[in-house]
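One structure is given here, and the rest of the page talks about it.
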Amino acid sequence: MSVTHQRPPPRLEIRDFTRRFDGKAVVDNVCLSIEPGHVTCLLGPSGCGKSTTLRMIAGVEMQDSGSIYVDGALVCDTVFRVPPERRSIGLMFQDFALFPHLTVGKNVAFGLTGSGADKKVRAKALLDRVGLAHYIDEFPHHLSGGEQQRVALARALAPKPKIMLMDEPFSGLDNRLRDGIRDETLDLLKEEGASVLLVTHEPEEAMRMADEIALMREGRIVQRGAPYNIFNAPADKEAVAFFSDINVLRGRVEGALTDTPFGRFLAPGVPDGAEVEIVFRPQHVSIDFDRHGKGPNPTLIAGTPARGVVERARFMGSESLVEFRMDHDGQMLKATVPNVFLPKIGTPLWLSVRRDRCFVFPAKS
Ligand SMILES: Nc1ncnc2c1ncn2[C@@H]1O[C@H](COP(=O)(O)OP(=O)(O)O)[C@@H](O)[C@H]1O
Ligand SMILES: [Mg+2]
């Protein structure tokens with residue numbers, strides 16, 4: 001007798017999702033899966049198709065092709081369709097409107113079935129959990145924006161959905177509140193064991209919340225992975241640029257190598273004569289003083305330093321941003337330095353970039 005240990009199916013799986021508006025695919029062959037208890041962030045710029053993807057999973061919009069599975073069971077394709085309310089999917093959108101004519105308690109109990117007493121117990125327990133039980137008989141307009149947001153979360157979680165879909169749920173809150181509410185929300189989602197697909201256009205929010213990020217651009221998923229991997233092993237230049245400012249050097253390849261003022265870089269698999277872009281973040285540039293026209297010695301880790309003169313220096317609060325015009329070709333490069341570092345305009349300084357912080361990509365024409 002043989003025993004096979006099969007991996008359990010993902011909690012939520014989307015296969016080959018496509019949605020066209022006026023002939024243009026705004027969601028283009030998207031595949032996604034979310035593991036039980038995980039938070040996956042669908043991250044991408046405005047208009048890339050995130051909300052459309054979420055609305056199709058929720059069942060409020062129909063895909064042109066593709067299918068949805070929950071725990072391995074088909075929930076929806078272009079022929080078969082489980083109605084939205086029977087998908088065990090909870091929703092929370094940016095404009096999380098509470099019902100104004102219902103009390104906070106009745107808002108939370110709204111999607112529950114069972115006896116009135118049972119509903120009240122569950123609503124009370126969730127309101128206790130978010131620290132708002134004392135508002136149970138109040139109407140929503142007595143609550144602040146942050147409190148209403150917590151009630152909306154309690155309402156969405158009350159029926160114990162297996163999956164929570166959240167579309168920019170924190171974007172209506174002011175910055176001071178946001179960090180705290182994000183953390184509380186994450187704790188509660190984990191406690192309730194919900195698998196979460198959270199849509200956001202803010203990289204910091206995704207980094208803070210996600211177990212896994214799916215990076216979306218122009219209707220497609222361009223990269224998936226843990227926040228650390230997306231940040232440190234980006235798929236292309238745009239993926240680097242989505243998380244921070246970037247510096248770009250261009251070079252031509254000869255024998256899988258390219259020469260730059262910062263030394264030689266490997267460009268494996270790139271044919272001779274092709275152009276590559278070497279991309280790095282300002283935070284990975286280090287700065288040394290000029291000693292009679294000389295900088296630090298080249299090393300394997302830090303590469304070769306190159307000289308530039310300060311063109312602009314600004315203090316940004318927790319760091320300083322310094323812009324350089326490089327001696328070799330007049331190109332502008334940026335460096336960020338923790339704390340206050342405001343060298344005078346025209347000061348010559350040496351820049352180096354750690355090799356393992358540089359990404360080499362074939363240039364897209
Ligand atoms: N009902 C619709 N009719 C026509 N175009 C739409 C419709 N819904 C969304 N779009 C378009 O699809 C694209 C993706 O929209 P959306 O999914 O809302 O993006 P995101 O949430 O990433 O900002 C946008 O260009 C938007 O204008
Ligand atoms: Mg949207």
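Please treat every number below as a calculation from the coordinates, not as lab data. Every value quoted in this text rests on a predicted model; they were computed, and no experiment measured them. Counting neighbours? That spans all protein chains shown, and the Cβs are built from the backbone with ideal geometry, glycine included.
So here's what we get for this one:
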item: Diffusion constant of the range 120-233 at 10 °C, which comes from Stokes-Einstein with the Kirkwood Cα-pair radius and 1.306 mPa s, µm²/s; result: 103
item: On Cα atoms only, tilt of 145-157 relative to the major axis of the chain in degrees; result: 60
item: Normalised contact order of the range 177-283, rounded percent, pairs of Cα under 8 Å and 6 or more residues apart; result: 17
item: Relative contact order (percent, whole number), the chain, Cα cutoff 8 Å, 6+ residue spacing; result: 15
item: Anisotropy class of the range 244-362 from Cα gyration tensor, a/c 1.5 cut; result: prolate
item: Computed E for LYS344/ALA274 - FRET, C-beta separation, R0 51 angstrom, nearest 0.05; result: 0.80
item: Cα centroid separation, the range 264-312 to the range 173-225 (Å); result: 34
item: When each of LYS50/LYS364; LYS24/LYS364; LYS124/LYS190; LYS119/LYS162 is checked by Cα-Cα distance, pairs over 21 Å; result: LYS50/LYS364; LYS24/LYS364
item: Overall Cα dimensions of the range 1-137 - principal axes, largest extent first, Å; result: 56, 48, 28
item: For the chain, the fraction of alpha-carbon pairs in successive 10 Å shells from zero, as %; result: 5, 19, 24, 20, 16, 10, 5, 1, 0
item: Selection of trypsin sites (Lys or Arg not before Pro), the range 14-90, meeting DSSP coil and at most 16 other Cβ within 10 Å; result: none
item: The chain: angle of helix 116-129 to the longest principal axis, Cα-based, in degrees nearest 10; result: 30
item: Share of Cα-Cα pairs in the range 222-267 lying beyond 11 Å, as whole percent; result: 71
item: Equivalent ellipsoid, the range 58-177 (semi-axes from 5 times Cα gyration tensor eigenvalues, Å); result: 29, 18, 11
item: When the convex hull of its Cα atoms is projected in every direction, mean area for the range 310-365 (nm²); result: 5.2
item: Estimated D of the range 1-59 in µm² per second, where Rh is the Kirkwood radius over Cα pairs and Stokes-Einstein applies at 10 °C, 1.306 mPa s; result: 118
item: Anchor LYS334: lysines whose Cα lies under 17 Å away (excluding residues fewer than 8 positions away in-chain); result: LYS237, LYS344
item: Sequence ranges 299-306, 123-130, ranked by mean other-Cβ count within 10 angstrom, highest first; result: 123-130, 299-306
item: Largest-first principal axis extents, alpha carbons of the range 108-172, Å; result: 35, 29, 17
item: Gained length - GLU311 relative to ASP71, 0.36 nm times residue gap less alpha-carbon distance; result: 80.7 nm
